[in-house]
Structure formats: C-alpha cells, structure tokens
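Undergrad: A single structure is presented below for examination.
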C-alpha cells in the first residue's frame, strides 16, 4: 500500500487532492464504517458539517474553517465515489460539469456578453438558466431551505429579472405598512382570542418585508439573527454562572435580580 502520509503528496493542489481521493478510496475498501455508508446515511452528517462550517465562518475562526472545509470536501468526494460504484458518474464528471456550468454562466468573461455590475451578472444568470430549461426563476430555490434563508433567496432570485423595489425607502414603507396591519389586526390590548392562522400569515408578511429591507441595505438576515443568537447565549450563560457562584437558582430569582447579571454581561462585552 502506498504511504499516503508522504510529504510529496502535499506539494501542489493537484497532488493534495489526489491524496484525499486515495485516502477516501482506501477507507471505502477497508474501513467497516466507510464501507457501510450510503448517500442517504451521509445526508444528515453533511448537513451537520455545513452548519459547523458556517458557525466557524461567523466566528472568523480560520483554523476551524480550514478543518470544516476539509470535512465538507471529504463528504462531497464520498458522494461522488458512491455514485461511481453505482455506475452513475465519477468525480471527474462532477468537476467537468461544474467547470462547464461556470463557463456557460459567465459569458461576460468567457464570451462576448457584457456585464459591468453585480446586478447585470445576476440578470444574465437568470436568463441563461431559463434557456437551459428552468421553467421558473424560482426553480433553483431548494424546498428544504429554512424559511428565513428561503425568503432571502426568493427575493434575490426575482431581483435578477428586475422584480424588485427601486429604492430602499419604498421597502421600509412596506415594513411599516405590514407592521401597522399586524398591530391593527392583533392589538396587544385586546383580550379576545386571536385567529392563529391569520396571525401567522400577517406576521409572515412582516418578516418577509423585514428580510427584504435587510437585503436592500446589504445585511444577510440569517447571519444577523445568528449573531444575535450567539450574543444572547453568551449573556445568558454569564447570568447562569454568576447565579451559581452566588448560590442562587434562576427559578428562585426575580426578573429584576436576573437583569443585574444580564446588564453586567452586556457591559463586559462592551
């Protein structure tokens, strides 16, 4: 068996890539766990690896990004290897297909089309996709995406064919309109039971408009919300730790007492 740890493998991207292929193919033949895997069994593990990668990106943790990129790349090659064993395609087919796709989708680089702005590039992309057989501009939005991410992708997709607000002030006016409708329909002062289905619909409209405004001012709403999640977790963890240090249980403390530690956590961050 070849020495797959040999430094010679690491000198060029091509050799390093071949090293990973050799390692993966060897494991597929000799490791009981690797031999057992199918595309279906890998699916949930791949999703987990992608989330770990995005966490590392948000933290700007480059050593972790490097590690997670390796994990994701290994998964991609694993799928290609399984497909090769089933006689469907191999990694060479995958690499050539994405190269062909990128060249076709960038006629402003590889042909004589013109695109001087990001919007022009996206417009060209959507036109090309429709020529390739996509029946709808939205056909490329995965059904399984989380709702917040899906809303952002939907808005970005239709923007590529010109279906978008011209001015961010118009978008904010829509946010205010949706908020006013929600407040009117579900006034916090009312004691009447609300129509849950209608409430969800109105709240969804409000969220959709907020996501749209975020897109217009260059904010990725998924990243923004995840940063807030992390900030909340850090502050609440501090609250728990301080309460424990003082022999207190959160369930026995008043909200005012907990706020002392919460504000302390905010000031520590500053």
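Undergrad: Send over the semi-axes of the range 109-195's equivalent ellipsoid, whole angstrom and largest first, taken as the square roots of 5 times the C-alpha gyration tensor eigenvalues.
TA: After diagonalising the Cα gyration tensor, the semi-axes are 37, 17, 9 Å.
Undergrad: Averaging over every viewing direction, what projected area does the convex hull of the Cα atoms of the range 223-269 cover, in nm²?
TA: 3.4
Undergrad: Binned at 5 Å from 0, what are the whole-percent values of the Cα-Cα distance distribution for the range 117-159, short to long?
TA: Using 5 Å bins, I get a P(r) of 5, 23, 28, 23, 15, 5, 0 for the range 117-159.
Undergrad: Can you give me the three principal axis dimensions of the range 41-171 from its C-alpha atoms, in Å, biggest first?
TA: Principal-axis extents of the range 41-171 (Cα, largest first): 46, 35, 27 Å.
Undergrad: Could I ask something else about it? Of the listed values [x] -0.64, -0.87, -1.11; [y] -0.56, -0.79, -1.07; [z] -1.01, -1.21, -1.32, identify the label whose number matches log10 I(q)/I(0) by the Debye sum over Cα atoms at q = 0.11, 0.13, 0.15 Å⁻¹ calculated from this model.
TA: [z]
Undergrad: With a point put 7 Å past each Cα toward its Cβ, work out how far residue 156 is from residue 96 in nm, to one decimal.
TA: 3.0
Undergrad: Relative to the present Cα-Cα distance, how much length would full extension add between residue 168 and residue 259 at 0.36 nm per residue of separation?
TA: Computed gain between residue 168 and residue 259 is 29.1 nm.
Undergrad: Let me ask something else. Suppose the chain between residue 66 and residue 199 were pulled fully straight at 0.36 nm per residue; how much longer would it get relative to their current alpha carbon spacing?
TA: 43.5 nm
Undergrad: Let me ask another. What's the angle, to the nearest 10 degrees (0 to 90), between helix 168-185's Cα axis and the longest principal axis of the chain?
TA: Rounded to the nearest ten degrees, it is 50.
Undergrad: Which three semi-axes in whole Å describe the equivalent ellipsoid of the range 194-264, each the square root of 5 times a Cα gyration tensor eigenvalue, listed largest first?
TA: 34, 19, 8
Undergrad: Still on this structure, I have one more. If we restrict to alpha carbons, what Rg and Dmax does the range 7-92 come to, in Å?
TA: Taking only Cα atoms of the range 7-92, I get Rg and Dmax of 14.0, 41 Å.
Undergrad: At 222 nm, what helix-only mean residue ellipticity would the chain give, in deg cm²/dmol to the nearest 500, using -39500 (n - 2.57) for each DSSP H run of four or more?
TA: Calculated mean residue ellipticity at 222 nm is -23500 deg cm²/dmol.
Undergrad: Here's another thing I want to ask about it. What's the angle, to the nearest 10 degrees (0 to 90), between helix 221-245's Cα axis and the longest principal axis of the chain?
TA: Approximately 70 degrees, to the nearest 10.
Undergrad: For the range 78-142 and the range 191-270, what is the centre-to-centre distance using only Cα atoms, to the nearest Å?
TA: The range 78-142 and the range 191-270 have Cα centres spaced 39 Å from each other.
Undergrad: Follow-up question, since we're still on this one. Would you mind checking the tilt of helix 255-269 against the longest principal axis of the Cα atoms of the chain, expressed as 0 to 90 degrees and rounded to 10?
TA: The angle comes out near 50 degrees.
The numbers here are math on the coordinates, done by the rules we state, and not lab data. Fair warning: this is a prediction, and the values are worked out from it, not measured in the lab. When we count neighbours, we look across all protein chains shown, and the Cβ atoms used for this are built from the backbone with ideal geometry, even at glycine.
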